[in-house]
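Below: the structure, in structure tokens.
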Amino acid sequence: MPLTTGLQNQRVLVTAASQGIGFGVARAFLEEGARVVINSSNEQKLRKAEEELSKSGEVHRITGDLSSKEDLDRLVSGTARVLGGIDTLAYITGSPAPGTVMEKDYEDWDRAARLLTVSPTYLARKVAQVMIDGKTKGRMVFSASLVVREPSPSLALSDICRVSILGLVRTLARELAPTGIRVNAILPGYIKTARIDQIVRNAAKSKGISETHALNEIVSQIPLGYIGSTEEIARSFLFLGSDMSSYVSGAALPVDGATLRSIG
Ligand SMILES: NC(=O)c1ccc[n+]([C@@H]2O[C@H](COP(=O)([O-])OP(=O)(O)OC[C@H]3O[C@@H](n4cnc5c(N)ncnc54)[C@H](OP(=O)(O)O)[C@@H]3O)[C@@H](O)[C@H]2O)c1
């Protein structure tokens, strides 16, 4: 049997998709013939992304802040209405500010926990209900980060709050298994987006080195020898977000050019 994604006409919600990883993921699903709703918090940026992505297929936009309950409710009901249901959720989110534990205060933890822990869990629950009501054997793919396996000293909010994604996919995969809905995670390593450009600029400034030097330091940590592209990470979303991965649920897949050292 030839290997195909089978995503033609599938109904896909991609969050945080006005740029970067989310934008690349939305484009990859569109190129496979899926019908896609994109979301992000900035209406102007999202409209521009929608214009660009419409060259690749049927795309709709729903603006909303992923850390707001009202916006999550509106996002799920709007997506279900526009697409007539949801087959795949591709969850990407924004980045919390860098910094150490000692540099962060109560409000920082509260905000980060809402964005990185409460938001994906609540969204998963809402999307699952749409899938169950539609008798859809859907798939959910949650993007986190390598830091859930190997914490980064300067990304405390992310290190701590994103670990919940591992708990979410294991718990929900087992809870929803009887419905046929599958739940998995992707752990991106270094992927070439505006976020990486910012990390390079910050590292150059704080260490007093050139941006080229700072970039080379990052690349030297990646055994495959280069920073991944959004197209490369998008392919892992196609795999976990389609029936190509029909027997995979509760997994967390690193997509990192072999950067991760830990075994567990
Ligand atoms: N690039 C990497 O190497 C890498 C590695 C590991 C993990 N990650 C994580 O993967 C995620 C995406 O990274 P990226 O590199 O694609 O970042 P990016 O280029 O900065 O894009 C971030 C996206 O998130 C959206 N966003 C931010 N806050 C939002 C909110 N509250 N509600 C809805 N959308 C929101 C932004 O759109 P608006 O501004 O329009 O809202 C934008 O589309 C981030 O969480 C990042 O920390 C990235």
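The residues packed around Leu46, meaning those with a beta-carbon under 13 Å from its beta-carbon, carry a net charge of -2 if Lys and Arg are +1 and Asp and Glu are -1. Structural descriptor for the chain: relative contact order 20 percent, calculated from alpha carbon pairs under 8 angstrom and at least 6 residues apart.
Remark: the Ser229-Val248 segment gains 4.4 nm on full extension, using 0.36 nm per residue and subtracting the alpha carbon distance.
Place a +1 charge on the Cβ of each Lys and Arg in the range 1-98 and a -1 charge on the Cβ of each Asp and Glu, then give the dipole magnitude about the Cα centre in debye, rounded to the nearest 20.
60
Filter Lys48/Lys137; Lys48/Lys104; Lys104/Lys205; Lys48/Lys69 down to the pairs with a C-alpha to C-alpha distance above 29 Å, please. Result: Lys48/Lys137; Lys48/Lys104 exceed 29 Å. Once you mark the chymotrypsin sites (Phe, Trp or Tyr not before Pro) that are in a DSSP loop and have at most 12 other Cβ atoms within 10 Å, what is the longest gap between them in the chain? Longest gap between qualifying sites, sites excluded: 1-225. Evaluate E = 1/(1 + (r/R0)^6) for Asp108 and Lys135, where r is the Cβ-Cβ distance and R0 equals 41 Å; express this FRET efficiency to the nearest 0.05. Using R0 = 41 Å, I get an efficiency of 0.45.
In straight Cα distance, which lysines are under 26 Å from Lys55, not counting same-chain residues fewer than 8 positions off? Result set, ordered by chain and number: Lys45, Lys192. Listed by chain and number, the lysines whose alpha-carbon sits under 24 Å from that of Lys135, ignoring those within fewer than 8 places in the same chain, are Lys126.
Each stretch of four or more DSSP H residues adds -39500 (n - 2.57); spread over every residue of the chain, this sum gives -13000 deg cm²/dmol at 222 nm. Can you tally the net charge around Thr5? Count Lys and Arg as +1, Asp and Glu as -1, for every other residue whose Cβ sits under 12 Å from the Cβ of Thr5. Residues near Thr5 contribute -2 overall. Name the trypsin sites (Lys or Arg not before Pro) in the range 50-86 that are in a loop by DSSP and that have at most 13 other C-beta atoms within 10 Å, would you? Passing both the DSSP loop test and the Cβ count: Lys55. A Gaussian network model of the chain, with springs between Cα atoms under 10 Å, assigns the largest mean-square fluctuation among Arg47, Arg125, Arg27 to Arg125.
Values in this text are rule-based calculations from the coordinates and carry no lab data. This is a predicted model, so every value here is computed, not measured. Every residue, glycine among them, receives a Cβ derived from its backbone with ideal geometry; neighbour counts consider all protein chains shown.
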